[in-house]
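Encoded as structure tokens, the structure appears first; notes follow it.
FYI, it's all coordinate maths here, none of it is from the lab. As the structure is a computational prediction, the values presented were derived from the model and not from experiment. No Cβ is skipped: glycine too gets one built from the backbone with ideal geometry, and neighbour counts run over all protein chains shown.
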Amino acid sequence: MSATGKAIFLSYASQDTEAARRICDALRGAGAEVWFDQSELRGGDVWDASIRRQIKDCALFVPIISANTQAREEGYFRREWNLAAHRTLDMADGKPFLLPVVIDATLDVHALVPDKFREVQWTRLPEGGTLTAFIERVQRLLTRGAAPPIAIPSVRSAIPAGIGPPPRSLVVAPFRASQEDSELRSLASTLASDLSRWLADTMRDVHVVPVDAARDPGNLALADPERRARYLVEGEIRASGDDVVIITRFIDAVLSRQMGSDRRVVSRARLSGEQERTTLQLMYALRDHFENAERRRCVAPLPANATAQELVDRARMIQDVRNGEDLETLREARSLYDQAIERDPSLVAAWADRVGVGFMEFIIDYNADRSGLLAEMDRDSARALELDPQDPAAWNARHLALQFTSRFDAAFAASDRAQALDPVHYFFYRGFLLIFAGRAAEALALIEARNAMLARSDLSADVLTCDAYVQLGNYRQAIVCGERAAAGLDTYWNYLNLTAAYAQEGEMAKAAAARDELMRRVPEFTIARFKAKQWSTDPTWMRQNEEHLIAGLRKAGVPA
């Protein structure tokens, strides 16, 4: 069974070493190549780089799930799990890669795992149980090269060819709850309606079918054309002791496949007070599932007569799945947005998203025409708002257009409006706006509040907090956040701040390594060119930037 590129990566909590060794020995006994790290002391740049390379190169990733992983909300194995989940974004549907294994009575619906793990079939290997069937399954996955889709009982059949629903369409089916529990029935009705309304209000270019059109979700695929939707959200609410468990599933009705799921546990005593927060958390998770599913859908080649929306979808996809700091990718995306605007000048998403491309070009292109780029962003954002003043993405685009010209009052007003219309997104853009306005401490408080509200953190938040801590001179905390972000995000901005923070802390070897990563990503970078960008005219930011970032870059030997 062993072959080049057929290695299996075992990921486990240290408390499960014996179970992991048992699985490893069985796989190796069958001829498999297994990467099984038995080091008690995990850490260090070389070790970390080796682990990331192995996860990138392995054929199958086997996370071992147990009561021990449930008890640990933090741990290096969770970094491995997130890296593996992130790798699946570049994979075709059905490609075998994730193979979760549960070694005790932990239920998959309760498991604290990345959502991507829930999209595949799990294996149960209780202590003392036979491994024969598991070994046979691994052999099939390594030799066949394709995994069967998961059957979704609630979607009775895939949509017949030729009558498929419109792309970027979604329906929230009525949530299920016990008929004997009036409180949970009421919550189920309210949650489904609120989610449908929030999704329709915040995703303006998505057709969200009204929840009352989905009274029979099993027949949704065959409903009349105006009520069909590509994606289906199902929900279930049930009592569990003193708690209430809320489970949602995101299903591609065309493929008849579950694409993601989410589970929330709320104390029944706090149910009414937590309802809005729970709704926001679910909305964020569903948006994430939707965008991941759309990225996969848009991998197919564009038709010769592509619509404006299809061009926008393709532009978004290539920005997401490729390196977002690659100028060629940005220019390809810009060309697609240009074509979309030419074909449909009323498509708000094309105008707003082209502002986003300009924003990224401003950040990474040190040879860009600054005034021309900012002028175009100004025009595009104004046009997007003219077309739809209720679109939060248009307001966020307006904020981005205003930020780098230091029109902070107007930028904050636009950002306020974006977040009022969509309360779970645009935090990171708002955070960087606060930093460039000389209010780095407020940016940290904003991200802390965001993480508490959504009960989650993201690597993007670590990039932002690293930046804020550098501006405030808290280099040690900046390093903690920056190193965490570097494990999963490839962005020069993070290495920019890490270079300065390491140097200010006197860790010159690490500063040199971070500087090399910075220069590899932006070969033309110099301190003079960075300052010529005129990122902000706020006096507090200018003072902090010179004292903490620029001084650190000079210590690290970044070209002047």
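About the Cα centre of region 428-560, what is the dipole size in debye to 20, counting +1 per Lys and Arg Cβ and -1 per Asp and Glu Cβ, all else neutral?
200 debye
By the gyration tensor of its Cα atoms, with a ≥ b ≥ c the square roots of the eigenvalues, what is the shape of the chain: rounded for a/c under 1.5, prolate for a/b over b/c, or oblate?
Taking the square roots of the gyration eigenvalues as a ≥ b ≥ c, the chain is oblate.
Placing +1 at every Lys and Arg Cβ and -1 at every Asp and Glu Cβ, with all other atoms neutral, what dipole size does the chain have around its Cα centre, in debye to the nearest 20?
For the chain, the charge dipole is close to 740 debye.
What number, in percent, do you get for the relative contact order of region 300-382 if the mean sequence gap of Cα pairs under 8 Å and at least 6 apart is divided by its residue count?
The normalised contact order for region 300-382 reaches 26 percent.
Determine which lysines satisfy two conditions relative to Lys95: a Cα distance under 17 Å, and not lying fewer than 8 residues away in the same chain.
Correct list for Lys95: Lys6, Lys56, Lys116.
Can you give the Kirkwood hydrodynamic radius for region 428-560, in Å, rounded to one decimal and based on Cα pairs?
14.6 Å
Determine which aspartates and glutamates satisfy two conditions relative to Lys510: a Cα distance under 16 Å, and not lying fewer than 8 residues away in the same chain.
Asp45, Asp48, Glu483
Among Leu280, Leu347, which comes first, second and so on when ranked by fewest other beta-carbon atoms within 10 Å?
Fewest-to-most ranking of Leu280, Leu347: Leu280, Leu347.
At a threshold of 8 angstrom on Cα-Cα distance, excluding pairs fewer than six apart, so keeping six or more, what relative contact order does the chain reach in percent?
Dividing the mean separation by the residue count of the chain yields 8 percent.
Positive end of the charge dipole of region 169-297 (Lys, Arg +1 and Asp, Glu -1 on Cβ, about the Cα centre): tell me which of Gln258, Gln179, Leu195 has its Cα farthest that way.
Gln258
For region 287-434, what's the relative contact order in percent, using C-alpha pairs closer than 8 Å and at least 6 residues apart?
15 percent
Among residues other than Gly557 whose Cβ falls under 12 Å from its Cβ, what is the net charge (Lys/Arg +1, Asp/Glu -1)?
+2
Per Stokes-Einstein, at 25 °C and 0.890 mPa s, what whole-number D in µm² s⁻¹ belongs to region 306-425, with the Kirkwood radius over Cα pairs as the hydrodynamic radius?
Estimated diffusion coefficient is 172 µm²/s.
Ranked by Cβ crowding within 10 angstrom, fewest neighbours first, how are Cys481, Cys298 ordered?
If I rank by nearby Cβ atoms, fewest first, I get Cys298, Cys481.
Which of the lysines could a cross-linker bridge to Lys533, judged by Cα under 23 Å and excluding same-chain residues fewer than eight apart?
Lys555
What is the fewest-to-most order of Lys116, Lys510, Lys56 by other Cβ atoms lying within 10 Å of their Cβ?
Ordered from fewest to most neighbouring Cβ atoms within 10 Å, Lys116, Lys510, Lys56 come out as Lys56, Lys510, Lys116.
Mean projection of the alpha-carbon convex hull of region 8-144 over all orientations, in nm²?
8.0 nm²
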